[in-house]
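Notes follow the structure.
Please treat every number below as a calculation from the coordinates, not as lab data. Keep in mind that what you see is a predicted model, and the values were worked out from it rather than measured. Here the Cβ positions follow ideal geometry from the backbone for every residue, glycine too, while neighbour counts run over all protein chains shown.
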Amino acid sequence: MKTNQTVFRQINNLTHQLKRCFNIYFDNIGITGVQASILHFIMIESKYRDVFQKDIEEEFKVRRSSATNILQVLEKGQYIRRETIAYDARLKKIVLTAKTIELDKIIMEHIVKINERMLQNIPSDKLQDFQEVLSEMSRNLD
């Protein structure tokens, strides 16, 4: 690699490829790849705890306004609903609807397929090194 700009460009290109791939896989069920990723996160996390908009913002490193827009679209599409919680009326937990729970298996299968496709032919030691480098890059940007 010649410069750091090349690393940026490669990560940017991979990100766009992943978004395109996710959108293709999830288009047939009427959601975007980003929406599917967020629903998947809520599915997993809500098994153990209440999930709030702030959790989406932190997990996906998005601004409050972006998270609000995505969640509003998911709510309008009847994939989620927001419920007030007893101990703090200001907070609204995100609850999956029956429609989304039915999609759980499909979303999970698509995510696994995309991940397997992306990681094929990559040795586990190289993948571990790559993940460590990505984590360090992310910490550097925080």
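Per-structure values
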{"quantity": "Karplus-derived 3J(HN,Hα), 6.51/-1.76/1.60, for each residue of region 34-47, Hz, glycine and proline x", "calculated": "5, 4, 4, 4, 5, 4, 4, 4, 5, 4, 5, 5, 6, 5"}
{"quantity": "Order of LEU96, LEU141 under a 10 Å beta carbon neighbour criterion, fewest first", "calculated": "LEU141, LEU96"}
{"quantity": "Listed residues LEU119, GLY77, ASN12: farthest to the positive end of the dipole of the chain (Cβ charges)", "calculated": "GLY77"}
{"quantity": "Cα-Cα over 31 Å, subset of LYS76/LYS126; LYS19/LYS92; LYS61/LYS113", "calculated": "LYS76/LYS126"}
{"quantity": "Helix 4-27 axis, angle to the chain major axis (alpha carbon atoms, nearest 10°)", "calculated": "40"}
{"quantity": "Which of LYS93, LYS61 has the fewest Cβ neighbours within 10 Å, and the rest in rising order", "calculated": "LYS61, LYS93"}
{"quantity": "Residue order, fewest to most beta carbons within 10 Å, for ARG90, ARG9, ARG63", "calculated": "ARG90, ARG63, ARG9"}
{"quantity": "Placed amide H near ILE80: partners under 5 Å, 5+ positions off or other chain", "calculated": "GLU75, THR97"}
